[in-house]
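Below is one structure, written out as structure tokens; comments come after it.
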Amino acid sequence: EQVRLANEDAARIKIEKKEFGTSVKGRPIEGYVIGNGAITVLLVASEHGDEVGTVDLLNRFIQEVQARPHMLSKAKRFVVVPIANPDGYYDRVDKLNAHGVNLNLNFPTKDWKEYGPEGTYAGPKPLSEPESVALKKIIEEYRPRSMISYHARGALVSPETNPASIAFGTWYAATVGYEFFEKWEYPGTATKWFVETFNGAAITTELTTYRGTDWEAHRKALLRLISSDSIGA
């Protein structure tokens with residue numbers, strides 16, 4: 001009976017691999033759509049290619065869902081993009097894409113600037129980079145209620161400034177055991193554009209190190225996120 005129920009859950013939980021776009025050098029920007037519920041949660045990693053632990057974290061999350069399909073709420077759908085900047089991930093040792101642009105400053109927020117903190121280049125204009133366009137199209141197509149952007153490093157969670165983001169970030173930080181940090185506010189970020197445009201809940205999570213995943217801490221939070229009808233909704 002348990003085997004039969006497990007098979008039914010696996011059949012119900014659709015895990016579809018997708019190609020959402022291509023990078024400057026033509027590499028595919030791949031990801032997964034998991035489940036078919038009405039509430040979509042977007043998880044994104046490696047907008048900065050040197051933050052390699054974020055990729056491993058989301059790949060382990062996908063493996064966990066494949067192993068435990070019964071845990072996914074019927075109300076939820078997850079869109080997971082483990083490598084948002086494939087050229088940076090495979091070719092570079094900094095935070096930039098193949099054009100030398102910081103993708104997480106390349107979105108059309110109200111306060112967009114050509115240069116970000118410490119002189120980081122945000123591009124000649126918002127959405128000048130194909131990787132940013134791909135992420136924008138994902139958000140427009142799937143209309144997530146909430147978004148987590150994984151970065152490194154610092155062991156902290158930083159929300160956008162709207163109440164939904166602050167509540168989501170407070171929960172995630174407490175569950176993972178990271179510092180809750182409200183002082184960061186950069187122009188041109190994907191999370192800021194998402195909140196300005198769709199008024200969802202968006203947080204940036206900085207892992208402890210560039211290469212580590214902090215998997216055991218995040219596993220607890222992510223399993224609660226996939227099983228709950230209300231968290232991230």
task: Any residue in the range 118-136 that's of a type in the set (G, A, S): show its pairings with residues that are open to solvent by 50 Å² or more (accessible area, probe 1.4 Å) at Cβ separation under 6 Å, as long as the two are six or more apart or on different chains.
output: A122/E114
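Can you tell me how many residues in the range 77-102 are closer than 21 Å to P144 by Cβ, in contact with a Leu (Cβ under 8 Å, 6 or more places away or on another chain) and either open to solvent by 20 Å² or more (accessible area, probe 1.4 Å) or not small (G, A, S) (or both)? Even if it seems obvious, please write down each step before you answer.
Here is the first cut: in the range 77-102, the ones closer than 21 Å to P144 by Cβ are 77-85.
Now drop any that are not in contact with a Leu (Cβ under 8 Å, 6 or more places away or on another chain), which leaves 78-82, 84-85.
Okay, now just the ones that are also either open to solvent by 20 Å² or more (accessible area, probe 1.4 Å) or not small (G, A, S) (or both), so 78-82, 85.
The qualifying residues number 6.
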- request: Filter the range 41-72 for residues that are surrounded by fewer than 23 Cβ atoms within 10 Å (Cβ to Cβ) and among the β-branched types (V, I, T) and give the result.
  value: V52, V55, I62, V65
query: What single numbered condition from (1) free of Cβ contacts under 8 Å to residues at least 24 places away in the same chain; (2) surrounded by fewer than 16 Cβ atoms within 10 Å (Cβ to Cβ) fails to hold for A173?
result: (2)
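With R211, R143 as the choices, which residue is within 29 Å of K25 (Cα to Cα), open to solvent by 50 Å² or more (accessible area, probe 1.4 Å) and under 15 Å from the mean Cα position of the chain (by Cα)? Steps first, please.
Values: R211 fails: under 15 Å from the mean Cα position of the chain (by Cα).
The conditions single out R143.
For the range 97-132, which residues satisfy the criterion of being among the charged types (D, E, K, R) and under 21 Å from P86 (Cβ atoms)?
Taking the range 97-132 as the starting set, the residues that turn out to be among the charged types (D, E, K, R) are 110-111, 113-114, 118, 125, 129, 131.
Within the range 97-132, E129, E131 qualify.
Being outside any helix (DSSP H, G or I), in contact with a Leu (Cβ under 9 Å, 6 or more places away or on another chain), modelled with pLDDT of 95 or more and not hydroxyl-bearing (S, T, Y): is that true of I139 here? Spell out the reasoning first.
Details: outside any helix (DSSP H, G or I): no; in contact with a Leu (Cβ under 9 Å, 6 or more places away or on another chain): yes; modelled with pLDDT of 95 or more: yes; not hydroxyl-bearing (S, T, Y): yes.
Here the answer is no, as I139 does not meet what is asked.
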In the range 173-204, the residues that are touching a helix residue (DSSP H, G or I) at 6+ places or on another chain (Cβ under 7 Å), over 20 Å from V133 (Cα atoms) and either assigned to a helix (DSSP H, G or I) or basic (K, R) (or both): T175, V176
- prompt: Hey, among the residues in the range 9-40 that are in contact with an Asp or Glu (Cβ under 8 Å, 6 or more places away or on another chain) and outside any strand (DSSP E or B), which one's surrounded by the most Cβ atoms within 10 Å (Cβ to Cβ)?
  reply: S23
- prompt: Which pairs have Cβ atoms under 9 Å, sit 6 or more apart or on different chains, and link a residue in the range 190-202 that is farther than 13 Å from D111 by Cα and of a type in the set (F, W, Y) to one that is part of a loop (DSSP other than H, G, I, E, B) and modelled with pLDDT of 95 or more?
  reply: F194/F107; F194/P144; F194/E160; F194/G200; F198/R143; F198/P144; F198/R145
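The values are calculated or read from the model by the stated rules, or taken from the named source; none is laboratory data. Everything numeric in this text was worked out from a predicted model, so none of it was measured. All Cβ positions, even for glycine, are placed from backbone atoms using ideal geometry, and neighbour counts span all protein chains on display. Remember, those area values only see protein heavy atoms, side chains included, never the ligands or the DNA or RNA. Shrake-Rupley method; radii C 1.70, N 1.55, O 1.52, S 1.80 Å.
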